[in-house]
Amino acid sequence: MPAYELTPERENEIIEKWAGNISKYGMELPALMFLWPLEPISTVIAYTAILPAAPVLDFLGLRGFEAVTFFSEHGNVKRLLKRIEELEDAKTKEKGFWK
């Protein structure tokens with residue numbers, strides 16, 4: 001794997017981008033259901049599932065090695081989950097519960 005480090009600013013950009021896209025398409029619940037169980041083993045997932053696909057993802061313009069670096073840091077997954085929940089709460093408050 002190429003040496004790849006993410007600055008805290010870049011980590012925040014990734015969290016905002018991914019959480020924003022998840023919220024934009026109304027996929028908060030599936031994302032939370034998928035990410036919560038994987039959170040404790042995110043480093044293992046990063047190296048066993050994402051890393052082998054990273055060159056292909058990079059070829060497709062998806063920054064695969066950046067995703068590996070992001071998910072290998074345990075705290076990033078927690079921060080992503082928290083941001084998704086915050087956006088979901090904001091949408092719920094904005095629309096009202098029964099609308």
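The single condition from (1) within 14 Å of the chain's Cα centre (by Cα); (2) modelled with pLDDT of 90 or more that E39 fails is (2). For beta carbons closer than 6 Å, sequence separation of 6+ or different chains, a first residue in segment 63-79 that is over 16 Å from T48 (Cα atoms) and a second that is of a type in the set (A, V, I, L, M) and at pLDDT 90 or above, the qualifying pairs are R79/I15.
The values are calculated or read from the model by the stated rules, or taken from the named source; none is laboratory data. From a predicted model like this one, the values you see are computed outputs, not experimental measurements. Glycine also receives a Cβ, built like all others from the backbone with ideal geometry; neighbour counts cover every protein chain displayed.
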